[in-house]
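> This is the structure I want to talk about, given as structure tokens.
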Amino acid sequence: MKHSFTLAALTMALAAAFPSFALAQTNDEVLKELRALRERVNQLEEKLKAAEAKAPAAAQWGMTPQQAQEFNRIAVKTEALEDAAEAMGTKNLKISGFIDPAFIYNRAQDSAGFQLLNKDPYAYDNGYFGMALIDFQKEMEGGTKWRLTLAPERGTGAVFNGGSIVHEASVNIPLGDLQTRLWLGQIPDWTGYEMTLSPLNKLVTHNLLFDFTAPTAYTGAVLDLTLGKWLVKAGLANVNNARKSSGNTTPALIYRVDYAKGEFQGFGFTGLHGKAYNYAADALLAEGERARDTRVDLLEADAYFIRGDWTLQGQVSWGRQKGSAIFHDDGQLRDASWTGLSALAAYKFIPRWEAVARLDYLSNSKNGGGLFGYSDNDGRNGLGRGNGFTWDEANPDPIGAAKGADRYALTLGLNYLFNPTTLFKLEYRMDAASEAVFLNRSDNSWGKRNHLLGTSMVVSF
């Protein structure tokens, strides 16, 4: 009786839900209807499973099946491109560069013309403009960084390494963590507030301290530490040499320390202590003798401050080199020493226009003058004793021979940013000295002043 009541109730419920079910009267008919209903439910479940299998998981992000399929295709293609880049060694490879044709008028040299990839520019001294440079940088998965910078005729390698086109060739290896690194290779000098390459320099020419008191590049090993806002570099290196010559076995200690208070202000100082080539000694060598490196000490401090449209930069330097002074006419090598100051101010009076002014001073009168790498009278750069001074063995003049010239320079510039990759520069520069050290090529006279006009177009990529 209980079973009959339950079956009857179920039959009534099914009849209410499914009108066609009301036609079933017997238990067998009810069972047949239940089996049919179960079949229909099973078929519906199979269709739902099939639809879910066809639709990608990404469809749950609100994509249509077609959009999800396109997304998956792009993801697979991207992974394939990354694998191909890694296989070819181009993954994390950055290539950049610039070219900056320049035009220079030099009154004392009686010359005017374009400067581009030339071996012998107007001087002051072999400034890094008129360049075409390409830079390759690659970072490995573990943090190792490679860099190769090529600059035919105008890079650091062209200055000290027999015309090499390599401006920089270095590798930077993390030691335990990314804040402690070992830097090895040929590394451009890091002295002063002005950068070597034209896109980072506000004027066409560089300041007197950059040109005459700083090394060109180092070949060696440097420990690079980042300690909060402090960046410390210190190492051992050949100075202005790819390799030491026979008998010269001592590398120099080099270092730089920077503190960045923020993105727009900071200071730094550098030092060099060791031995470097002595050009003054060449004049006194007997046939077959080899020059020896002599002791060099260089100290320098620089700072920058940027506030709104204003940029202020400054640098002070001191240096000496044993036995490298210009006065060695009597056969005795004397020490060269110098001090210098440079300051720059720039103001963007219109967003794309910037006015620049720079003032330089270089004290270099001791022992006839003499700077780092400059150990002879130089009428083109305005160094030494000037007036065509020559040592007269019959009537020697030790007082005149011991008096070198102090140097000054005032530079005014105007820059126009044509677009994000193109910068036009215009510059007027007046150089002066305490002695008549500038040779005027037009009439072979000597003067205390020289004037220069320069312009360049720096195009980067």
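> Show me the helices (runs of 4 or more DSSP H) entirely contained within segment 1-100 in which 3 or more residues are open to solvent by 70 Å² or more (accessible area, probe 1.4 Å) and at pLDDT 60 or above. Walk me through it before giving the result.
On the way: elements: 2-17, 27-54, 65-88.
It comes to 27-54, 65-88.
> From the residues in segment 190-217 that are of a type in the set (D, E, K, R) and either in a strand (DSSP E or B) or within 14 Å of ALA343 (Cα to Cα) (or both), which one is most open to solvent (accessible area, probe 1.4 Å)?
First, pick out the residues of segment 190-217 that are of a type in the set (D, E, K, R): 194, 202, 211.
Subsequent filtering for residues that are either in a strand (DSSP E or B) or within 14 Å of ALA343 (Cα to Cα) (or both) retains 194, 202.
Numbers: GLU194: 12, LYS202: 50 Å².
The extreme case among them is LYS202.
> Can you tell me which of ILE173, ILE187 is open to solvent by less than 20 Å² (accessible area, probe 1.4 Å), in contact (Cβ under 8 Å) with a residue 24 or more places away in the chain, outside any loop (DSSP other than H, G, I, E, B) and not aromatic (Phe, Trp, Tyr)? Give the derivation first.
Working: ILE173 fails: open to solvent by less than 20 Å² (accessible area, probe 1.4 Å).
The conditions single out ILE187.
> Same structure again: Report yes if some residue within segment 115-122 is within 27 Å of TYR277 (Cα to Cα), in contact with a strand residue (DSSP E or B) (Cβ under 9 Å, 6 or more places away or on another chain) and open to solvent by less than 40 Å² (accessible area, probe 1.4 Å); otherwise report no. Reasoning before the result, please.
Residues of segment 115-122 that are within 27 Å of TYR277 (Cα to Cα), as a first pass: 117-122.
With in contact with a strand residue (DSSP E or B) (Cβ under 9 Å, 6 or more places away or on another chain) added as a condition, the list becomes 117, 121-122.
Subsequent filtering for residues that are open to solvent by less than 40 Å² (accessible area, probe 1.4 Å) retains 121-122.
Within segment 115-122, one or more residues are within 27 Å of TYR277 (Cα to Cα), in contact with a strand residue (DSSP E or B) (Cβ under 9 Å, 6 or more places away or on another chain) and open to solvent by less than 40 Å² (accessible area, probe 1.4 Å).
> In segment 341-386, which residues are open to solvent by less than 30 Å² (accessible area, probe 1.4 Å) and closer than 23 Å to ILE306 by Cα?
Correct list: SER342, LEU344, ALA346, GLU354, VAL356, ARG358, ASP360.
> Separate question: Looking at THR421, THR390, can you tell me which residue is among the β-branched types (Val, Ile, Thr) and closer than 24 Å to GLN115 by Cβ? Before the answer, list the steps.
Values: THR390 fails: closer than 24 Å to GLN115 by Cβ.
Result: THR421 is the single residue among THR421, THR390 that is among the β-branched types (Val, Ile, Thr) and closer than 24 Å to GLN115 by Cβ.
> Condition test on ALA409, is it touching a helix residue (DSSP H, G or I) at 6+ places or on another chain (Cβ under 6 Å) and either over 27 Å from ALA108 (Cα atoms) or surrounded by 18 or more Cβ atoms within 10 Å (Cβ to Cβ) (or both)? Break it down into steps so the answer makes sense when it comes.
Working: touching a helix residue (DSSP H, G or I) at 6+ places or on another chain (Cβ under 6 Å): yes; either over 27 Å from ALA108 (Cα atoms) or surrounded by 18 or more Cβ atoms within 10 Å (Cβ to Cβ) (or both): yes.
Yes; evaluated as a whole, the condition is true for this residue.
> Just to be sure I understand, how many residues within segment 337-359 are at pLDDT below 95, within 25 Å of the chain's Cα centre (by Cα) and in a strand (DSSP E or B)?
Result for segment 337-359: 0.
> Can you spot a residue in segment 276-287 that is in a strand (DSSP E or B), closer than 23 Å to GLY155 by Cα and at pLDDT below 95? Give the steps one after another, and end with the answer.
In the first step, residues of segment 276-287 are kept if they are in a strand (DSSP E or B); the result is 276.
Those still in the list that are closer than 23 Å to GLY155 by Cα too: 276.
Retained after the next criterion (residues that are at pLDDT below 95): 276.
Within segment 276-287 (the criterion being in a strand (DSSP E or B), closer than 23 Å to GLY155 by Cα and at pLDDT below 95), the answer is yes, since at least one residue qualifies.
> Would you be able to say whether some residue in segment 245-257 is within 30 Å of PHE305 (Cβ to Cβ), assigned to a loop (DSSP other than H, G, I, E, B), open to solvent by 60 Å² or more (accessible area, probe 1.4 Å) and not basic (Lys, Arg)?
No, because not a single residue in segment 245-257 is within 30 Å of PHE305 (Cβ to Cβ), assigned to a loop (DSSP other than H, G, I, E, B), open to solvent by 60 Å² or more (accessible area, probe 1.4 Å) and not basic (Lys, Arg).
> Please pick out the residue among LEU362, LEU423 that is part of a strand (DSSP E or B) and over 30 Å from SER96 (Cα atoms).
On the way: LEU423 fails: over 30 Å from SER96 (Cα atoms).
Answer to the check: LEU362.
> On to the next question. Taking PHE389, is it open to solvent by 10 Å² or more (accessible area, probe 1.4 Å), outside any strand (DSSP E or B) and among the aromatic types (Phe, Trp, Tyr)?
Details: open to solvent by 10 Å² or more (accessible area, probe 1.4 Å): yes; outside any strand (DSSP E or B): yes; among the aromatic types (Phe, Trp, Tyr): yes.
When the stated conditions are applied, PHE389 passes them.
> How many residues are over 27 Å from TRP353 (Cα atoms) and at pLDDT below 95 if we restrict to segment 305-321? Even if it seems obvious, please write down each step before you answer.
Filtering segment 305-321 down to residues over 27 Å from TRP353 (Cα atoms) leaves 316-321.
Checking the rest, the ones that are also at pLDDT below 95 come to none.
Number satisfying all stated conditions: 0.
> Residues VAL222, VAL239, VAL204: which one is of a type in the set (Val, Ile, Thr), in contact (Cβ under 8 Å) with a residue 60 or more places away in the chain and within 28 Å of PHE98 (Cβ to Cβ)?
Working: VAL222 fails: in contact (Cβ under 8 Å) with a residue 60 or more places away in the chain; VAL239 fails: in contact (Cβ under 8 Å) with a residue 60 or more places away in the chain.
Going through VAL222, VAL239, VAL204 in turn, the sole match is VAL204.
> One residue is enough: does segment 129-149 have a residue meeting the conditions under 21 Å from THR205 (Cα atoms) and charged (D, E, K, R)?
No; the residues of segment 129-149 include none that is under 21 Å from THR205 (Cα atoms) and charged (D, E, K, R).
> What is the residue count in segment 427-445 for residues that are without any contact (Cβ under 8 Å) to a residue 40 or more places away in the chain and open to solvent by 70 Å² or more (accessible area, probe 1.4 Å)?
In the first step, residues of segment 427-445 are kept if they are without any contact (Cβ under 8 Å) to a residue 40 or more places away in the chain; the result is 428, 430, 432, 443-445.
Imposing the further condition that a residue be open to solvent by 70 Å² or more (accessible area, probe 1.4 Å) reduces the set to 428, 443-444.
Here the count works out to 3.
The values are calculated or read from the model by the stated rules, or taken from the named source; none is laboratory data. None of the values given here were measured: they were computed from a predicted structure. Every residue, glycine as well, gets a Cβ built from its backbone with ideal geometry; the counts of neighbours run over all protein chains shown. Accessible surface areas use protein heavy atoms only, side chains included; no ligands, DNA or RNA. Shrake-Rupley method; radii C 1.70, N 1.55, O 1.52, S 1.80 Å.
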